[in-house]
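Input: a single structure, listed below in structure tokens.
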Amino acid sequence: MEIFELKYFLGVAREENIHRAANKLNVSPGSLSKAITRLEAELSVNLFSREGRNIQLTDHGRLFQKRASEIIHLEESLKLELSGHLGTINAVIAGPEILLTKMGLDISIDLQKKYPKMRFEFHDTDDDTALGQVARGEAHLAIVTTDIPTHLGLSTKVIEEPQFQTVVGATHPLFLFAKQKKIISVEKILEHAFVSPSHPLLGKVGAKQSVDGWRDDQFPRRVGYLTSSLKMLEEIVEQGKALAYLPDYFAKKLDVEVLKISGCPYHCNQKVKVVAKNPKDRSWLNQWF
């Protein structure tokens with residue numbers, strides 16, 4: 001078996017679809033199918049069960065996925081040990097888009113200073129899926145805000161502790177209050193509509209908090225816009241169509257101002273964690289732990 005076949009297999013295992021995997025790997029679906037067929041013939045087992053276009057890993061496939069990931073990581077580590085900072089490695093970082101665009105990019109920039117030939121692949125996914133990818137060896141790092149289950153045996157480190165802020169765009173009626181640093185009551189805030197994500201785009205929040213971290217149980221808002229798109233959320237708040245409650249690191253990227261609010265004792269705080277499996281086995285990962 002060849003290293004490229006293992007990489008093809010892992011791509012198909014991750015997507016559970018030949019055509020999606022082909023698009024991600026920039027190869028033809030036929031090349032992937034042939035690679036999987038060769039591996040199954042060589043191993044004399046079925047790695048996938050097939051029902052039409054849908055495929056799933058068999059028990060043999062799940063074991064092979066674990067071992068193939070270990071082989072790929074060993075190959076990458078060996079390259080770095082022999083080639084030093086000139087070695088080439090493909091690093092996979094998984095997590096929610098909002099975290100990847102800030103912390104994921106920061107990590108890649110930092111690593112490329114030491115390893116100029118490093119190539120990064122970002123997997124935009126939810127916290128649980130990101131942790132699963134690291135546990136199975138499909139990703140080197142996960143950046144998440146959720147609690148890390150101990151049974152996964154992962155190493156973790158807190159890299160940032162953001163606080164949420166209520167922000168307003170330039171054409172909104174409350175913009176001058178924010179610009180002039182004036183304090184505004186929460187009752188006045190609640191007269192205006194908010195934009196909120198329709199699912200946890202912003203990461204994990206508290207049990208009593210709404211999906212964006214606001215305490216609607218205590219201070220119910222009028223949510224004028226719901227969106228599953230981070231980009232759409234940005235546009236709505238920047239254009240002054242609605243207020244938004246966002247983590248501070250994300251708000252800093254936008255053309256908005258922060259509102260100072262009185263009368264609301266509640267705040268949303270997060271812990272952003274970088275997570276890896278056996279980071280001490282890979283020198284480039286170990287520097288983060």
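The values are calculated or read from the model by the stated rules, or taken from the named source; none is laboratory data. Because the structure is a prediction, the values reported are computed rather than measured. Ideal geometry is used to build each Cβ from the backbone, glycine not excepted, and the neighbour counts take in all protein chains shown.
Within region 141-153, track down each residue that is modelled with pLDDT under 90 and under 21 Å from residue 90 (Cα atoms). Of everything in region 141-153, nothing turns out to be modelled with pLDDT under 90 and under 21 Å from residue 90 (Cα atoms). At pLDDT 90 or above and either touching an Asp or Glu at 6+ places or on another chain (Cβ under 8 Å) or not in a helix (DSSP H, G or I) (or both) - does that describe any residue in region 68-79? No, every residue in region 68-79 fails to be at pLDDT 90 or above and either touching an Asp or Glu at 6+ places or on another chain (Cβ under 8 Å) or not in a helix (DSSP H, G or I) (or both).
Contact map, region 258-276: first residue in contact (Cβ under 8 Å) with a residue 40 or more places away in the chain, second residue of a type in the set (Gly, Ala, Ser) and part of a strand (DSSP E or B), Cβ cut-off under 6 Å, separation 6 or more or different chains; pairs are 262/185; 263/185; 275/142; 276/155.
Conditions (1) over 18 Å from residue 197 (Cβ atoms); (2) modelled with pLDDT under 85; (3) in contact with a Cys (Cβ under 9 Å, 6 or more places away or on another chain); (4) not assigned by TED's automatic domain parsing to the domain that holds residue 231, marked per residue:
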{"site": "101", "(1), (2), (3), (4)": "no, no, no, yes"}
{"site": "132", "(1), (2), (3), (4)": "yes, no, no, yes"}
{"site": "136", "(1), (2), (3), (4)": "yes, yes, no, yes"}
{"site": "155", "(1), (2), (3), (4)": "yes, no, no, yes"}
{"site": "176", "(1), (2), (3), (4)": "yes, no, no, no"}
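Scanning region 90-106 for residues that are within 20 Å of residue 162 (Cβ to Cβ) and part of a strand (DSSP E or B) yields 93, 94, 95. Only strands (runs of 3 or more DSSP E) whose full extent lies in region 246-289 are considered here, and the ones with at least 2 residues that are of a type in the set (A, V, I, L, M) are 256-258, 272-276. When restricted to residues that are among the acidic types (Asp, Glu) and surrounded by 14 or more Cβ atoms within 10 Å (Cβ to Cβ), region 17-53 contains 1. When restricted to residues that are free of Cβ contacts under 8 Å to residues at least 12 places away in the same chain and either over 17 Å from residue 258 (Cα atoms) or part of a loop (DSSP other than H, G, I, E, B) (or both), region 167-220 contains 6.
Checking each residue in region 107-153 for being of a type in the set (Asp, Glu), part of a helix (DSSP H, G or I) and surrounded by 14 or more Cβ atoms within 10 Å (Cβ to Cβ) picks out only 127.
Listed here are the residues, each with its yes/no results for (1) in the same structural domain as residue 125 (by TED's automatic domain parsing); (2) closer than 30 Å to residue 74 by Cα; (3) touching a Cys at 6+ places or on another chain (Cβ under 6 Å); (4) crowded, with 21+ Cβ neighbours inside 10 Å.
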{"site": "190", "(1), (2), (3), (4)": "no, no, no, no"}
{"site": "204", "(1), (2), (3), (4)": "no, no, no, no"}
{"site": "208", "(1), (2), (3), (4)": "no, no, no, no"}
{"site": "245", "(1), (2), (3), (4)": "no, no, no, yes"}
{"site": "248", "(1), (2), (3), (4)": "no, no, no, no"}
{"site": "279", "(1), (2), (3), (4)": "yes, yes, no, yes"}
